[in-house]
1. I'd like the projected area of the stretch 278-379, averaged over all directions, using the convex hull of its alpha carbons. Report it in nm² with one decimal.
2. So how many Å³ per residue does the convex hull of the Cα atoms of the chain work out to?
3. Exceeding 19 Å between C-alpha atoms, which entries from my cross-link table qualify? They are K215/K280; K133/K299; K133/K167; K133/K172; K209/K287; K120/K167.
4. In whole Å, what are the extents of the stretch 9-115 along the principal axes defined by its C-alpha atoms, from largest to smallest?
5. Can you order the peptides 21-33, 165-177 by their average number of other Cβ atoms within 10 Å per residue, highest first?
6. Show me, for the stretch 181-198, the HN-Hα J-couplings you get by feeding each phi into the Karplus relation (A = 6.51, B = -1.76, C = 1.60, θ = phi - 60°), rounded to Hz, glycine and proline as x.
7. For the stretch 115-171, treating each Cα as an identical point scatterer without solvent, what Debye log10 I(q)/I(0) comes out at q = 0.14, 0.16, 0.19, 0.31 1/Å?
8. Provide the FRET efficiency to the nearest 0.05 for the F44-R2 pair, computing r from the beta carbons and using R0 = 45 Å.
Amino acid sequence: MREQFLLNPEYTHLNHGSFGATPRAILENYQSFQLEMERDPVYFVQKKFGQHLAKAKDALSSFIHCEAKDFFFTANPTVAINTVMRSLNLKVGDEILSTNQEYGAMDRTWHFYCKMSGVKYIRQPISLPITSKEKILEEFWKGLTANTKIIFLNHISSATALIFPVKEICDKARALGITTIIDGAHVPGHIDLDITEMNPDYYTGTLHKWMLAPKGASFLYVRNELQHQLEPLIVSWGYESLMPGESQFLDYHEYQGTNDNSAFLCTPAVIDFLQKNHWKEQSALAKALVLENYPRFCKLLGSQEIAPLTNEFFGQMASVPVQTKNPQALKDLLYDKYKIQVPIMVLNENVYLRYSINAYNSQADLDILFQALENILQTTNLIQI
Ligand SMILES: Cc1ncc(COP(=O)(O)O)c(C=O)c1O
């Protein structure tokens, strides 16, 4: 499988989570759209693009289980969440309930919104180690007040790499009349996703992480009843359109000026690749490897396991707490000396080493990381145990 990716063979790549990695076959499909565009850019943009986009949306709608008319492609989750944020109409004193494990760019988006609007962003603490789903829910709902208008939640967290019980939270929020905005950046192609069953108000996910698409392919789903109130983040021809389509929602959001959107158009090839290469099985093997190795790394680093060792909480990534005063130096050392690409993440003053496993990894990669850490423990004082 490694042969199918362009990853530098001199390095051990244990960081699929940050920016994904795309196999050659999908990159070829991506480039074929660019070549097609350059043969006749006008014809491509005005005639062909719409047809390719419709195919891409159809393919994705079956993969994430929602209707093609209810989502549009975005470059990344930041664009998606900023689009939602810019259309919220909250008032001073209203609250956005979230957790203390969200992605930094999203925290910043909400800080920005709250500064402008006088709304409060509540980073409800979820304590580690997680002991059960019920405990997460109990701690999360302690942040609920009469002023809670929005719930913003990651489906899989970045620094701690944990899976959150979003379905249960969406159900209760719906019953309470609270809007849910779910950040599923790490979800598509990683764990099962059925948006219709989950029934959130807004859901963003990427194709360029675990679905292996070229970078710049993500989406924003919006529940039908809310689509009319979502303003375009970028105003373009679809606003006051001269040729309105069936949906003002799609007119507003699907065209935002001249761009290279080939990454979106690869979706059918992406899904085809996943199916042909038995990605469900590959993913199950990767998840098993993640779990098998986790206690070993925790033991080596003198750390507590941050959640029960099951696929309820762990997917193809795991974060091991590390005691270090210099996370950047540790990351640099692993990369420069040991040629290991693995992120060292800081969240709420804790540091985590997060390894990702994909079909191109094997036990040997984790053994290389293990030996490097053993060596660092013996030869430096970068890690305290
Ligand atoms: C939870 C979460 N949200 C969002 C993102 C990505 O956002 P963007 O690509 O827009 O920076 C990530 C990326 O790792 C993430 O882990």
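1. Working: hull surface 26.1 nm².
Value for the stretch 278-379: 6.5 nm².
2. Roughly 138 Å³ of hull volume per residue.
3. On the way: K215/K280 22 Å; K133/K299 24 Å; K133/K167 11 Å; K133/K172 15 Å; K209/K287 16 Å; K120/K167 24 Å.
Checking Cα-Cα distances, K215/K280; K133/K299; K120/K167 exceed 19 Å.
4. The principal-axis extents, from largest down, are 54, 43, 27 Å.
5. Sorting 21-33, 165-177 by mean packing, highest first, produces 21-33, 165-177.
6. Whole-Hz 3J(HN,Hα) from phi for the stretch 181-198: 10, 10, 9, x, 3, 8, 8, x, x, 10, 10, 4, 9, 10, 5, 4, 5, 5.
7. Ignoring solvent entirely, the Cα scatterers give -0.42, -0.54, -0.75, -1.57.
8. Efficiency for this residue pair is about 0.85.
Throughout, read-outs are computed from the coordinates displayed, never taken from laboratory work. Given the structure is predicted, the values throughout are model-derived calculations rather than measurements. Ideal geometry is used to build each Cβ from the backbone, glycine not excepted, and the neighbour counts take in all protein chains shown.
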